[in-house]
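Structure first, then comments.
The values are calculated or read from the model by the stated rules, or taken from the named source; none is laboratory data. Quick caveat: nothing in here was measured; it's all calculated off a predicted structure. Positions of Cβ are generated from backbone atoms using ideal geometry, with glycine treated the same way; all protein chains shown enter the neighbour counts.
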Amino acid sequence: MSLWEDILKLEKEQCLKIGKKFDEISWGNLNEQSQIDCINELADFLVDRMKIKKKPKIELGKLQNDYGAYLPESNKIYINKDTLAVGGTLTAVTLAHELRHAYQFQIIHEVESLKWTKLYKTNLRQRLDYFISNPNNDPVQLWKENYKKYYNDGPEYEEQPLEFDAFRYERKFLEKFFTE
């Protein structure tokens, strides 16, 4: 099983059921509070599946030129209120993207604070074995370095490791939640 399949152990039927709430027809018939309830249901589901230890607080607000944002210092996800108005699918994808950033920062922190004795015969150890022996392919180190030099826009934005990974996660998310 690949790292991505392992991370995304999402039950197809349940994914489609949740995804249906975000389709444009269903979403358009919901009031804002019901939309927020759907966002929280999806967040709980993804946080559980991604094994995020501390669910980020989700807030709606106005963001300039962004659908959403994750702030690791406060463990908050902001979703632009305008994103909700554009549509449910965009809202769901934005949430999944920002939760992926929460996952990335959790992994960065966990790897930084590891004690080798804790790694004995764990899944994390098995996953890290490859990266330890091939340090140039270590995504966690790339994410950590990218966090220190992050591009908010421009051509570098989508190509930087944190965003490249989050966009890859978006594609997997769309397959699981919106494609039968």
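Could you tell me which numbered condition D37 fails, if it satisfies all but one of (1) among the charged types (D, E, K, R); (2) under 16 Å from the mean Cα position of the chain (by Cα); (3) at pLDDT 95 or above?
(2)
Any idea which of D66, D82 is under 24 Å from Y157 (Cα atoms), at pLDDT below 95, touching a strand residue (DSSP E or B) at 6+ places or on another chain (Cβ under 7 Å) and not basic (K, R)?
Matching residue, one of D66, D82: D66.
Among the numbered criteria (1) loosely packed, with under 13 Cβ neighbours inside 10 Å; (2) without any contact (Cβ under 8 Å) to a residue 24 or more places away in the chain, which one does N80 miss?
Result: N80 passes all but (1).
Which residue out of L142, L128 is of a type outside the set (S, T, N, Q), at pLDDT 75 or above and surrounded by 13 or more Cβ atoms within 10 Å (Cβ to Cβ)?
On the way: L128 fails: at pLDDT 75 or above.
On inspection, the qualifying residue turns out to be L142.
Is it the case that K55 is at pLDDT 95 or above and part of a loop (DSSP other than H, G, I, E, B)?
It is true that K55 is at pLDDT 95 or above and part of a loop (DSSP other than H, G, I, E, B).
What number goes with the only condition from (1) among the polar types (S, T, N, Q); (2) assigned to a helix (DSSP H, G or I); (3) surrounded by fewer than 16 Cβ atoms within 10 Å (Cβ to Cβ) that Q104 does not pass?
Answer for Q104: the failing condition is (3).
Across region 6-29, what is the number of residues that are modelled with pLDDT of 90 or more, within 19 Å of the chain's Cα centre (by Cα) and aliphatic (A, V, I, L, M)?
Summing the residues that are modelled with pLDDT of 90 or more, within 19 Å of the chain's Cα centre (by Cα) and aliphatic (A, V, I, L, M) in region 6-29 gives 1.
State which residue pairs qualify: first residue under 19 Å from M50 (Cα atoms) and hydroxyl-bearing (S, T, Y) and inside region 155-180, second residue modelled with pLDDT under 90 and exposed (fewer than 13 other Cβ atoms within 10 Å of the Cβ) in any location, beta carbons under 8 Å apart, and separation of 6 or more residues or different chains.
none
Conditions: (1) touching a Phe, Trp or Tyr at 6+ places or on another chain (Cβ under 6 Å); (2) under 18 Å from Q35 (Cα atoms); (3) in a helix (DSSP H, G or I). L84 meets all but one. Number of the miss?
Against the list (1) touching a Phe, Trp or Tyr at 6+ places or on another chain (Cβ under 6 Å); (2) under 18 Å from Q35 (Cα atoms); (3) in a helix (DSSP H, G or I), L84 comes up short only on (1).
Could you tell me which of the residues Y67, Y78 is of a type in the set (F, W, Y) and touching a Gly at 6+ places or on another chain (Cβ under 9 Å)?
Y78
Please work out which one of (1) out of contact with any Ser or Thr (no Cβ under 7 Å at 6 or more places or on another chain); (2) surrounded by fewer than 21 Cβ atoms within 10 Å (Cβ to Cβ) is the condition L90 fails and give its number.
(1)
Exactly one condition in (1) under 18 Å from D66 (Cα atoms); (2) at pLDDT 90 or above is false for Q106; which is it?
Among (1) under 18 Å from D66 (Cα atoms); (2) at pLDDT 90 or above, Q106 violates only (1).
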